Amino acid sequence: MTLIDLPLLMKDSVRGKRSAVTCALKCANQCASGPCNHSDNSRFRDIASAALTRRRMLGGTSGAVAIALAGTLGACSNPSGGGSGASDGGSGSGAGGGAAPNGSALGFEAIAPVDLETDEFTVPEGFAWHPIIRWGDPLFEDAPDFDWNAQSAEAQERQFGYNNDYTEIQEIPDSDGKRAVMFVNHEYTNENIMLPPETDEAAAMEIGMAAHGLTVVELQRESAEEPYTYVRDGELNRRILLDTEFALTGPAAGSELTRTAADPEGRTVLGTLGNCAGGLTPWGTLLSGEENFHGYFRAAGTSEADKRYGLADEATARNWEAAHERFDARGEDHRNEPNRFGWIVEVDPFDPESTPRKHTALGRFKHEGANVILAEDGRAVAYSGDDEVFDYLYKFVSRDTYVEGDTEHNKTLLEDGDLFVAKFTGNSPAAEIDGSGAVPADGAFDGTGEWLPLVLDGASQVEGFTLEEVLVHTRLAADLVGPTKMDRCEDVEPSLATGRVYVACTNNDGRGTEGEAPVDEMNPRAENRDGHVVEIDEQGDQTSTTFAWNLLLVCGDPAQGDQTYFSGFAPEEVSPISCPDNLAFDSVGNLWISTDGAPDGIGYNDGLFRVTLEGDARGRVEQFLAVPREAETCGPIVRDEDRSAFVSVQHPGEDGEWGAHTSHFPDYDGTGPRPTVVQVLPA
Ligand code: FEO
Ligand code: CA
Ligand code: CA
């Protein structure tokens, strides 16, 4: 079996109820190792002194571095007839049901929270769920049908990958709404439940590698009332794998920091890793964030840069470094290979021959994803969170401006521009932020903020750092300018309706604990278990370097006595929500939130929730669906005009093992679980 001594890699300090397997496979026990950010950035810094220590930090020589809770029954289209989609009620509080806010056509009665043993996909009364594509489904004519007992790397390369995360669907022009192209990230793999234990170790490793990457696949439907099905052998179908060439773009492309023995030019990278969330650009391409890339590399682990990114001299969970030397970054030849991951990737789904790109101008960190909005002057503005406890929130502003209809030009917009990191200041007395989550006397967690420059006009703004160093070692550069340490920024998404920007801070159980950053008005709860959602208002100018902010939600379950905040909306009338992760908007500007971690938080399965942003019902949270046992909800897409929503169900049954599966979603035929993209629409 490919996983080397996996139990040994599951550290004792895995926190909460989170699966130890997930901790090892998804993020290399990131939380068990403690925060990577030990910087003291919120205090006055002696920049000159910091500059003097730069060489030491970068490892020495040549810059190389080293809702109404009716207990509703959901309809279910389980193809094999198992699974009723029933929810069992639960003890949560009730969400005022039914009436869609703000004119949304997607009216529904909120479902009750779903208990942790439930392996069904739960939807509101009157809706049904349909699997569009599952792990292992063949994408091409020559790809074999999925066979649990006969999987191979060759087959996997031609099949849908594992752990679907970010998902986007665009209609194919002139197809009468009947054809679309879907883009999907495959964040990581759960080899423990994918493959029989007797699988040859080398074969298992290659299968796991082939199940990473990205998929582009065509969809078709008869009408908006019918669910999509995927098109085997569609012209746009594509798997992007670990041997697919990516072009590095921007100021750090070709720098000493991105060169390796295998790529002395430092401009061509093979593959993408840890692809978590993403975003659709105004010019129709897709962005994907390379998040937990550190878990794939064994590195010297001695430089400040290695430490700051969580790179260590320890065997990795999948042991790829034993078979593919580029994943062993301890020697000179491959020491920069990890520097070629941790970027925002751009893919053109309409051109299967195009070379995907990694944009160095947006900085290198554990990108959850990135989302772009056009400023009034036409510049492209991308927001991106670094998803690790106590890390930062970033904004990129392109040098050039968008040209309507000129896709080739627009595809260059993320190659050059200014890079900023966020600092938030609260407006309430510090004594009123007591760590409980109690709202301060002025009635809001709110204040002002600044975007602190890291790069302006093609020049580093960080003393002692070259431009290339700022972009490759962005975390270290940001530490020196004093940004706010955040409670794990996941999706950051601007509303195209209002320009306001929403940030899902998923949780941070180290907040306010001994030796860690204390609570502040932006991150007001100690040992933040359930997360919160930030609203940023740049007052109509997305290029502004100042803004106002407030917390839209402080998550939790009021019925269990959690200290929560729903923008003043009655807590007894909302669906309980925990660990916000991915964000989306419907056509009338309501925010939709998918969650990852509710089992560890409020003790229910994860789900998808609608949040009203405007009017008297601002802050009302209504649960639309719940995913099966041990899964997280990813990649939400809401088409309220079609009364339809889509989610990616990631790592169902992650705590199981071969022969003792804990989930059987979506086939319910006695086999194990398969990560699946699901469409929900009226039954
Ligand atoms: Fe892959 Fe930030 O979740
Ligand atoms: Ca305040
Ligand atoms: Ca995520």
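The values are calculated or read from the model by the stated rules, or taken from the named source; none is laboratory data. Note that this is a predicted model, so its numbers are computed, not measured. Don't worry about glycine lacking a Cβ; one is built from the backbone with ideal geometry, like all the others, and counts go over all protein chains shown.
For the range 657-683, a tally of residues being of a type in the set (D, E, K, R) and in contact with a Pro (Cβ under 6 Å, 6 or more places away or on another chain) returns 0.
One residue stands out in the range 556-596 among those that are on the phi > 0 side of the Ramachandran plot and crowded, with 24+ Cβ neighbours inside 10 Å: the one that is farthest from ligand 1 (Cβ to nearest atom), namely G556.
One residue stands out in the range 322-340 among those that are surrounded by fewer than 24 Cβ atoms within 10 Å (Cβ to Cβ) and either touching a His at 6+ places or on another chain (Cβ under 9 Å) or among the small types (G, A, S) (or both): the one that is farthest from A300 (Cα to Cα), namely A323.
This table checks each residue for (1) at pLDDT 95 or above; (2) away from ligand 1 (no atom under 16 Å from the Cβ); (3) in a helix (DSSP H, G or I); (4) farther than 19 Å from G482 by Cβ.
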position: E408; (1), (2), (3), (4): yes, yes, yes, yes
position: L414; (1), (2), (3), (4): yes, yes, yes, yes
position: D418; (1), (2), (3), (4): yes, yes, no, no
position: F424; (1), (2), (3), (4): yes, yes, no, no
position: S428; (1), (2), (3), (4): yes, yes, no, yes
position: A431; (1), (2), (3), (4): yes, yes, yes, yes
position: V439; (1), (2), (3), (4): yes, yes, no, yes
position: A444; (1), (2), (3), (4): yes, yes, no, yes
position: G447; (1), (2), (3), (4): yes, yes, no, no
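Output the number of residues of the range 479-509 satisfying the condition of being over 15 Å from the mean Cα position of the chain (by Cα) and within 16 Å of ligand 1 (Cβ to nearest atom). Selection size over the range 479-509: 3.
Residue count for the range 375-398 satisfying the condition of being within 24 Å of M182 (Cβ to Cβ) and away from ligand 1 (no atom under 14 Å from the Cβ): 3. Sub-6 Å Cβ pairs linking a first residue in the range 254-282 that is of a type in the set (V, I, T) to a second residue that is in a helix (DSSP H, G or I) and away from ligand 2 (no atom under 16 Å from the Cβ), at least 6 apart or interchain, are T258/N339; T258/R340; T260/E337; V269/R340, ordered by first then second residue.
Entry remark, the range 367-409: residues being polar (S, T, N, Q) and within 19 Å of Y309 (Cβ to Cβ) number 1 in total. Within the range 231-267, being surrounded by fewer than 16 Cβ atoms within 10 Å (Cβ to Cβ) and either assigned to a strand (DSSP E or B) or within 16 Å of ligand 2 (Cβ to nearest atom) (or both) holds for E245, A247.
Table: residues versus (1) within 16 Å of ligand 3 (Cβ to nearest atom); (2) within 16 Å of G161 (Cα to Cα); (3) among the basic types (K, R); (4) modelled with pLDDT under 95.
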{"position": "N192", "(1), (2), (3), (4)": "no, yes, no, yes"}
{"position": "V217", "(1), (2), (3), (4)": "no, yes, no, no"}
{"position": "Q220", "(1), (2), (3), (4)": "no, no, no, no"}
{"position": "N237", "(1), (2), (3), (4)": "no, yes, no, no"}
{"position": "A262", "(1), (2), (3), (4)": "no, no, no, no"}
{"position": "L270", "(1), (2), (3), (4)": "no, no, no, no"}
{"position": "L273", "(1), (2), (3), (4)": "yes, yes, no, no"}
{"position": "T281", "(1), (2), (3), (4)": "no, no, no, no"}
{"position": "G284", "(1), (2), (3), (4)": "no, no, no, no"}
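Among the residues of the range 285-307, is any among the β-branched types (V, I, T), away from ligand 1 (no atom under 16 Å from the Cβ) and surrounded by 23 or more Cβ atoms within 10 Å (Cβ to Cβ)? Yes - at least one qualifying residue is present in the range 285-307. Quick check: is even one residue across the range 658-671 outside any strand (DSSP E or B), within 24 Å of C555 (Cα to Cα) and under 23 Å from the mean Cα position of the chain (by Cα)? No; the residues of the range 658-671 include none that is outside any strand (DSSP E or B), within 24 Å of C555 (Cα to Cα) and under 23 Å from the mean Cα position of the chain (by Cα). Scanning the range 288-326 for residues that are closer than 19 Å to V470 by Cα, over 24 Å from the mean Cα position of the chain (by Cα) and among the hydroxyl-bearing types (S, T, Y) yields one hit, S303.
Considering S384, S354, which residue is at pLDDT 95 or above, over 23 Å from R298 (Cβ atoms) and assigned to a loop (DSSP other than H, G, I, E, B)? So the residue among S384, S354 that is at pLDDT 95 or above, over 23 Å from R298 (Cβ atoms) and assigned to a loop (DSSP other than H, G, I, E, B) is S354.
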